[in-house]
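As structure tokens, the structure follows; a few thoughts come after it.
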Amino acid sequence: MASTACFMIVSRNDIPIYEAEVGTALKKEDAAHQHQFILHAALDIVQDLAWTTSAMFLKAIDRFNDLVVSVYVTAGHTRLMLLHDSRNDDGIKSFFQEVHELYIKILLNPLYLPGSRITSSHFDTKVRALARKYL
Amino acid sequence: MQGSKIFPTCFQTHLKSKLYSLLLHLKFCHHGFNFSTRSLHRQVSFSDHEAFDHPVACLLVVSSKDEDPINKFVDLFNTNQLPSLLNDGAMDPKILKHYLLVHDNQDGMSENTTKILAAMRSTFGSNDCRLLCINSSEDGLVEHQENPWVPHKTDASPSQHLGCFLNIDDLDEIKNVMQDLSSKHIIPHMEQKIRVLNQQVSATRKGFRNQIKNLWWRKGKDDTPDNSNGLMYTFSSIESQIRVLADYAFMLRDYELALSNYRLLSTDYKLDKAWKRYAGVQEMMGLTYFMMDQLRKDAESCMENAFNTYLKMGPPGQQNATRCGLWWVEMLKTRYQYKEAASVYFRISGEEPLHSAVMLEQASYCYLFSKPPMLRKYGFHLVLSGDLYKKCDQIKHAIRTYRGALSVFKGTTWSHIKDHVHFHIGKWYAFLGMFDVAIKHMLEVLACIHQSKMTQELFLRDFLQVVQKTGKMFEVLRLQLPVIDIPSLKVVFEDHRTYASPTAISVRESIWRSLEEDITPSWSTVKTNWLESQPRLLSKKYKESNVCVAGEAIKVDIGFKNPLQISISISNVSLICEHSAKSDEMVPDASSTTTAHLNDEEKRKPTTSGELSSDASSFTLSEVDISLEGGEKVVAQLTVTPRVEGMLKIIGVRWKLSGSIIGFYNFESDLVKKKVANGRRKTKQPMSDNLKFIVIKSLPKLEGFIQQLPKTVYTGDLRRLALELRNPSETSVRNIKMKISHPRFLNIGNEEVMDMGIPACLEKKAKFVQSDAHTRINKVSDTVFLYSEDTLIHGGTPFLWPIWLRAAVPGNISLYIIIYYEMEDISTVMRYRTLRMHYNVEVLPSLDVSFQISPCPSRLQEFLVWMDVVNRTHSESFQVHQLSSVGNEWKISLLQPIEAIFPSEFLMAGQALSFFFKLKNGRKSVTTEDNVSSPAPLEGTDVRLGHGSNEELFDISRSPLADFHHFERVHQRMSDQEHPHKVDFILISRPRRSDSDPGLNSSVNLFSHHACHFSIANASPIWWLMDGPRIMHHNFTASFCEIRLRMTIRNSSDAIASIRISTFDSIPGGSPLSDATSVPPGNQAGWHDISLLNDIKVTSEVLGTRVGKSQLAECASPFIWSGSSSTRVKLEPMSTIELPLQICVFSPGTYDLSNYNLHWNLLFSDDEGNRGAGIRESSGTCTGHPYNLTVLQSA
């Protein structure tokens, strides 16, 4: 498992709807905003790249120092973004695919308004379990 | 004036001008950056590893005023004054020299100058010497449009009045000299040198043979230690020569030549591992490629190569790397590759914070210029650079970059980003002392729910510190701490509706209104007639807006929520209100003139109305201090009490956070629909009207409560309570009416009951006068009570009135009481008010009483009553006191003495008990009008169930019991049709008196259980009873026996019944009725086996004869009905008739005389028949009751 990893789901309107620090490293106080900054800036790259490929998994698209941003874009242009410091493309791909399934299940919930924050604790535990499994 | 380097400067300015023109596009200030790049270039020039900056020519200038100009010229190029690079062999010291004599015309034209020039020409050669005359202006007042040195020397201060003696000719002359120098001397010199060098290089390096030799020669040098930094290559070495050749070619724009030589050189240097030189050559190759504008890839790869090589060298190569990177960036920018340029900038930024801050800022601008603009990257890099600026205490630069970033991050939902930017920018502004802006930014981060507790504390602490440093009270509209929960906003005011308790407020308005309906006058009736002296028609205005009374508080409930995990304290929470005197159109009276002077002082801006009640004479505000724990929500009740008439408007709420900053909230600005307690207003009304109140003159207001109302009672508990009404004002109120929502639970008592205890008022008195005439209340209907006219309440004296409470059914009961009263003073706008009281009572189950009634088989009009009593409580035990049947129709008595069936006297918790009673119709007169259900004349018969005979029985016809019984009857009514054959019971019990305090609650509690409408009617309306002898003695030897019987028939229906009695001597075999008689199938005849052991003692000989006769029974009936086999009678309603019957018995035995049928048919009159047909049967057939007759042979 990566020592630093920050997973985030960004809605079509660039609003973060889910975020989780899934790294094993001790959480630093200023890391949260730094991770947000990096992921936020990486959206610029995603915006360019998303339309150049038909694949959903865009691989590592941006980096900042030793942190790499991997992105998975769903058909609805929701972006699953992972900031990580390990190189494990296959694991990340499986992680994204499984989280995508979970996200679809969330979308199927008639009480969930697409684009709103995902507050389901079940989703949270599942995502963290997947992160432990694949990253 | 030493090493001139005219051409290198030319080139540099060429590229730089591109840079400038690009950067000028930026609206951001870049002066600092340009300046720093230029000084960087200056600093890294003249290095030993490249020949680009090496001097080509030297211009030696001496003034004509000098004493010995010739020597001075020689002196100037003295070796010990030359730069070290020239001396230690890195540069070629034999460079082109040019001698210039400058003459100042202000000193006058002298021959001396020409002489010196002649001497110079003779000494240095005539070609290389010149004379320049300057300052030929006479007055020295030539104004130049601009400083002529501006393009070349920016650091000259503009205040110095430079060149004021230069006239236009002088400037031309200077230009001429310089042009002459470059075109006639320098360029030819360089061309010459290129030719020479090119020949040399071709001779030594070009050609296959030379290359082999060179390669072999370099291989041989591999063993020598790498000393690339040492002076391995002097100017005379072939590599330096090639470099000079290439550089000269580059300067003269022969890029092909330059490139081929650079290539040659780079392989050499690479083989020699002379990295710095290699990098320098690569850098130049990149530039050459760029200038040729071909092979972009090559240009970039060369630049990258050079950059990386410089970086590999570590700190000494840093500056060169930077320069190289900047060239590279400029190349990319020229090709509009901003994104790549930004990444190069990012690579340039190294360890040193200020340096990288500048580079990152540049990178961010590149992201801004890229197409499409990458704003998020722009913001991110600005923030990164701002952080670095802050690290080297460049606060202003940091703020500048953050403000740039803010334009991107404004309103972002990325919470951490927003918090970071706002918090830091706020902190830095505070550092600079700009507290206003600082606070504005800090306010943004206060409600940071997502942050950790520590961060929240940090934010709040820093914010409060900043606020304290300002030393001022800040007033902030929409302060985010705490969060105001607008949906919880609730305004409670009392117009004609007043509330006794807070629970009454929360009751829905519709409940109150439905209760109030029949006691309050409708609006139209308020107008009364047109003759009224003061036509106080309520203006439309009053109806539409809210009315409140001066001196009575308007309560506003506002929820404050602390979103943070840390606790915060807010103080001085109060409402912001605005009071204005009435305008003329609203009140037709002249009263407006008296209040007009208040108008000005009350018209204050909402924001300035922060001053509290001290000065605001027209209203009083309450203040509340709250401390909110993390995540806590507190509803604060704030009040405003208007003091004078006029218009009062609630504008908002204000509070002080942590004693240092004042927050405001304006209700009006919020468009959220608010739930307001009083639902009278229409939804279409705007919010502002909901918070606007018309204040009217103060009115009396009743306060009321019920004394000693218990929270929890057991079912059936009957107790007396007191309603206390109080009117604090001196003006009295009159015409008081009261309405109770649940008369089954709560009933009004008589005044004299007030002083009596429970048993006392219920005990049977021998002579009891119904004192209804004297009572001061009138019951208008079941639930409305009208106090007599002379009941006036005023001056704060309490007015007590008894109220009976009886817990009728278990459950949670909400009791609503409305008291209506009118003002004594009729000149007020409001004629009446209502007081609304609300109480919740929890009723627990106590005794379950059930009755079952079955007709007594042996007696006409008598019934057996089976009463089951179960104690459902967990701990209480009850003493069953008495059972009363209501009405004088029925007499009730115990079947067995009470001591026998109920020895313990107390019914313990969970215990069940059955009682049996005999019920007898005691009514003598048979009248039909008795079946009206009137509550008042209740007279009953009672059975004492208690052991102590000294206890008085309670009179169930007395007021509370009778009243409650009436409501129970109404409630328990099953069908709309009243049936006379119904009986009601009241069971009165008392809880067990505890031995410890016998005096206290002995007289308080009484339980009454009412059970109503028990039907005693049979399925058929016809009753009959056979009457006659049971045992006969007859001498059968003489004759057969004739026995007379009587049948009593009663028609209990309200219609005429036609009855036919048909007797038959043998029971018809196929008749379905035969089953009902329970005759054993073997005995088809009239008599049959009776188990003799059961009831009748029969002698043995009788048994013998009977058995003997039993064989006869098959052929002959043992008895026959004599007389007509069918009798038909007509029976009036509710009447009884007696019919004689006769049988003949031929032998002794026991006979069952049930072989007859009774056919009845009700003859309704037309309307009755239609009405009752569906409910009751109109005809039927009954088989006879068993009647056993024993006939014995007499002796």
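Would you point out which residue out of A:R79, A:R12 is open to solvent by 20 Å² or more (accessible area, probe 1.4 Å) and among the basic types (K, R)?
Criteria check complete, one pass: A:R12.
In region B:45-163, which helices (runs of 4 or more DSSP H) lie fully inside it and hold 2 or more residues that are within 28 Å of B:C324 (Cα to Cα) and modelled with pLDDT of 65 or more?
Answer list for region B:45-163: B:84-87.
Only one of A:D62, A:D44, A:D48 is more than 23 Å from A:E98 (Cα to Cα), within 10 Å of another protein chain (Cβ to nearest Cβ) and either basic (K, R) or buried (at least 17 other Cβ atoms within 10 Å of the Cβ) (or both); which?
After applying the criteria, what remains is A:D44.
Pairs, please: C-beta under 6 Å, at least 6 apart or cross-chain, first residue within 11 Å of chain A (Cβ to nearest Cβ) and in region B:370-398, second open to solvent by less than 30 Å² (accessible area, probe 1.4 Å) and among the charged types (D, E, K, R)?
Correct list of pairs: B:M374/A:D44; B:R376/A:D44; B:K377/A:D44.
Name the residues in region B:399-410 that are more than 14 Å from chain A (Cβ to nearest Cβ) and either in contact with a Phe, Trp or Tyr (Cβ under 6 Å, 6 or more places away or on another chain) or open to solvent by less than 10 Å² (accessible area, probe 1.4 Å) (or both), would you?
B:I399
Among the residues of region B:359-398 satisfying the criterion of being surrounded by fewer than 22 Cβ atoms within 10 Å (Cβ to Cβ) and of a type in the set (D, E), which is farthest from A:H40 (Cα to Cα)?
B:D393
So which residues in region B:1025-1056 are free of Cβ contacts under 8 Å to residues at least 24 places away in the same chain and closer than 16 Å to B:S1154 by Cβ, if there are any at all?
Scanning region B:1025-1056 gives a single hit, B:D1027.
Condition (residue is facing another protein chain (nearest Cβ under 10 Å) and either out of contact with any strand residue (DSSP E or B) (no Cβ under 7 Å at 6 or more places or on another chain) or on the phi > 0 side of the Ramachandran plot (or both)) applied to region B:346-360: is it met by at least one residue?
yes
Among B:G379, B:G350, which is in a loop (DSSP other than H, G, I, E, B) and among the small types (G, A, S)?
Matching residue, one of B:G379, B:G350: B:G350.
Scan region B:467-488 for residues that are assigned to a loop (DSSP other than H, G, I, E, B) and either of a type outside the set (D, E, K, R) or touching a Cys at 6+ places or on another chain (Cβ under 6 Å) (or both) and report the count.
Matching residues across region B:467-488 total 6.
Please give the number of the condition B:T413 fails out of (1) open to solvent by 30 Å² or more (accessible area, probe 1.4 Å); (2) over 23 Å from B:L388 (Cα atoms); (3) within 14 Å of another protein chain (Cβ to nearest Cβ); (4) assigned to a helix (DSSP H, G or I).
With (1) open to solvent by 30 Å² or more (accessible area, probe 1.4 Å); (2) over 23 Å from B:L388 (Cα atoms); (3) within 14 Å of another protein chain (Cβ to nearest Cβ); (4) assigned to a helix (DSSP H, G or I) applied to B:T413, the lone miss is (4).
Give me the pairs, please: first residue somewhere in region B:1158-1185 and under 12 Å from B:I1059 (Cα atoms), second residue anywhere and outside any loop (DSSP other than H, G, I, E, B) and at pLDDT below 60, beta-carbon distance under 6 Å, and either six or more positions apart or on two chains.
From residues that are under 12 Å from B:I1059 (Cα atoms), there are no pairs.
Output the residues belonging to region A:91-117 that are more than 16 Å from A:H77 (Cα to Cα) and outside any helix (DSSP H, G or I).
A:N109, A:P110, A:L111, A:Y112
Quick check on my filter: what residues within region B:506-521 are open to solvent by 50 Å² or more (accessible area, probe 1.4 Å) and closer than 18 Å to B:K490 by Cβ?
B:S506, B:R508, B:S510, listed by residue number.
Considering only region B:268-302, state which residues are among the acidic types (D, E) and in contact (Cβ under 8 Å) with a residue 24 or more places away in the chain.
If the condition is that a residue be among the acidic types (D, E) and in contact (Cβ under 8 Å) with a residue 24 or more places away in the chain, then B:D268, B:D272, B:E283, B:E300 are the ones that fit.
Any residue at all in region A:88-98 that is exposed (fewer than 14 other Cβ atoms within 10 Å of the Cβ) and either within 14 Å of another protein chain (Cβ to nearest Cβ) or among the aliphatic types (A, V, I, L, M) (or both)?
Among the residues of region A:88-98, not one is exposed (fewer than 14 other Cβ atoms within 10 Å of the Cβ) and either within 14 Å of another protein chain (Cβ to nearest Cβ) or among the aliphatic types (A, V, I, L, M) (or both), which makes the answer no.
Please work out which one of (1) closer than 18 Å to B:H1159 by Cβ; (2) surrounded by fewer than 18 Cβ atoms within 10 Å (Cβ to Cβ); (3) modelled with pLDDT of 80 or more is the condition B:P1068 fails and give its number.
Every condition holds for B:P1068 apart from (3).
Within the group B:V408, B:V344, B:V383, which residue is among the β-branched types (V, I, T) and over 41 Å from the mean Cα position of the chain (by Cα)?
Just one listed residue meets the conditions, B:V344.
Those residues that are assigned to a loop (DSSP other than H, G, I, E, B), more than 14 Å from chain A (Cβ to nearest Cβ) and open to solvent by less than 60 Å² (accessible area, probe 1.4 Å), I need them from region B:416-466; list them, please.
Once the filter is applied, which keeps residues that are assigned to a loop (DSSP other than H, G, I, E, B), more than 14 Å from chain A (Cβ to nearest Cβ) and open to solvent by less than 60 Å² (accessible area, probe 1.4 Å), region B:416-466 yields B:G433, B:L446, B:A447.
Conditions tested, residue by residue: (1) assigned to a strand (DSSP E or B); (2) touching a His at 6+ places or on another chain (Cβ under 6 Å); (3) at pLDDT 85 or above.
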position: A:E29; (1), (2), (3): no, no, no
position: A:Q36; (1), (2), (3): no, yes, yes
position: A:L39; (1), (2), (3): no, no, yes
position: A:I45; (1), (2), (3): no, no, yes
position: A:L58; (1), (2), (3): yes, no, yes
position: A:V71; (1), (2), (3): yes, no, yes
position: A:L83; (1), (2), (3): yes, yes, yes
position: A:R87; (1), (2), (3): no, no, no
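The values are calculated or read from the model by the stated rules, or taken from the named source; none is laboratory data. Owing to the predicted nature of the structure, the values given are computational and were not obtained by experimental measurement. Methodologically, a virtual Cβ is constructed for each residue, glycine included, from the backbone with ideal geometry; neighbour enumeration extends over all protein chains shown. Keep in mind that these areas ignore ligands, DNA and RNA; they rest on the heavy atoms of the full protein, side chains included. Shrake-Rupley method; radii C 1.70, N 1.55, O 1.52, S 1.80 Å.
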